[in-house]
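Here the structure is laid out as structure tokens; the discussion comes afterwards.
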Amino acid sequence: MREPVYKANRKVWRDGVFSDGARLIPEETPLALTYNGGTHAVMMGSPEDLGDFAVGFSLSEGIVQLADEIETLDIVELDDGIELRMWLKPDKAERIAERRRNIAGPTGCGLCGLDSISEAVRPAAVVPAGRVFAPREIMTAVAAVAPLQEINHQTRAAHAAAFWTATRGIVALREDVGRHNALDKLAGALARDKVVASDGIVLLTSRVSVEMVQKTAAIGAPLIAAVSAPTALAVRMADAAGITLAAIARTDGFEIFTHPERVTGAVPGKESAYVVVA
């Protein structure tokens with residue numbers, strides 16, 4: 001299997017001086033997701049944790065509702081990419097036949113295989129109330145991500161998605177050059193290990209777009225904490241899905257955009273965002 005990082009020689013110019021050296025950069029590989037013999041989508045992503053990616057993509061795109069509905073999964077390395085070959089149970093095979101199309105997507109494309117704009121902005125699953133989190137717990141969870149980002153430490157060019165609980169800390173963390181791919185990999189890892197997500201936090205190193213909210217809702221996590229800002233559509237989607245969206249997380253605090261009642265001490269006012277300082 002391909003390595004997730006590549007050593008590239010480069011020339012550096014700094015302070016008016018040229019120098020030679022090498023830098024580790026992340027690999028980016030075409031990943032074809034096929035179901036029952038037909039290609040559904042072609043994504044660009046990192047060539048690791050591909051079983052998790054295949055399962056997580058299938059779950060978050062609504063192709064299956066349970067990981068067990070994928071009867072077989074084979075990872076086949078080809079000359080120009082990697083094929084993730086899945087065979088679904090008969091009732092699911094009929095559903096995928098309706099949506100099948102060959103699409104070459106950009107890095108982390110979150111809209112592959114969709115037939116309409118309405119499906120792209122489909123309502124997210126409504127997440128149960130779950131537990132209440134203290135601000136310090138959210139800060140602890142966010143701080144736990146960076147030390148575990150092995151590919152990003154080497155390349156400074158990979159996103160991460162992680163899941164944290166108060167009892168276990170970081171339960172799983174997945175990296176990819178595509179932020180959607182990283183979250184799909186996380187979803188697959190949690191599903192394969194049968195992790196119940198209702199008591200934990202999904203942590204993102206990227207901005208929060210509507211697809212990231214939809215994928216988190218499919219996981220069933222009640223809270224997203226991200227280091228970057230959300231889009232307006234993502235805020236509206238998180239609000240409708242019952243997800244607490246905390247973003248712009250820094251060492252001194254974060255901002256809550258939806259459902260602040262899930263964070264102790266956050267008292268809603270008239271503004272749409274509430275700043276919590278840890």
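The values are calculated or read from the model by the stated rules, or taken from the named source; none is laboratory data. Only a predicted model underlies this, so the values are computations on that prediction, with no experimental measurement involved. All Cβ positions, glycine included, derive from the backbone under ideal geometry; neighbour counts span all protein chains shown. We work out accessible area using only protein heavy atoms, side chains counted, and drop any ligands, DNA or RNA first. Shrake-Rupley method; radii C 1.70, N 1.55, O 1.52, S 1.80 Å.
See the values below:
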quantity	calculated
Segment residue 87-residue 148, extension gain: residue separation times 0.36 nm, minus the distance between their alpha carbons	18.7 nm
Contact order relative to length of segment 119-278, as percent, for alpha carbon pairs under 8 angstrom and 6 or more apart	24 percent
All aspartates and glutamates inside 13 Å of residue 92 as judged from Cα atoms, apart from same-chain residues fewer than 8 positions distant	61, 68, 69, 71
Mean Cβ neighbour count within 10 Å, used as a protection proxy, ranking 144-153, 14-23, 168-177, 52-61 highest first	52-61, 168-177, 144-153, 14-23
Beta bridge orientation in the chain: antiparallel %, DSSP, nearest 5	75 percent
DSSP beta bridge pairing in segment 138-278, given as percent antiparallel to the nearest 5	70 percent
In range of the label at residue 140: residues from segment 236-260 whose backbone nitrogen is under 18 Å from the point 7 Å along Cα→Cβ	250-254
Correct choice for mean projected area of the Cα convex hull in nm² that was computed from the model, options (i) 13.0; (ii) 18.8; (iii) 16.4	(iii)
Cα shape, segment 1-76, gyration tensor, a/c 1.5 rule	prolate
Which listed pairs, of 7/194; 89/215; 89/185, have C-alpha distances above 32 Å, in listed order	7/194
Accessible solvent surface per residue of the chain, calculated while the other protein chains remain in place, 1.4 angstrom probe, Å²	46 Å²
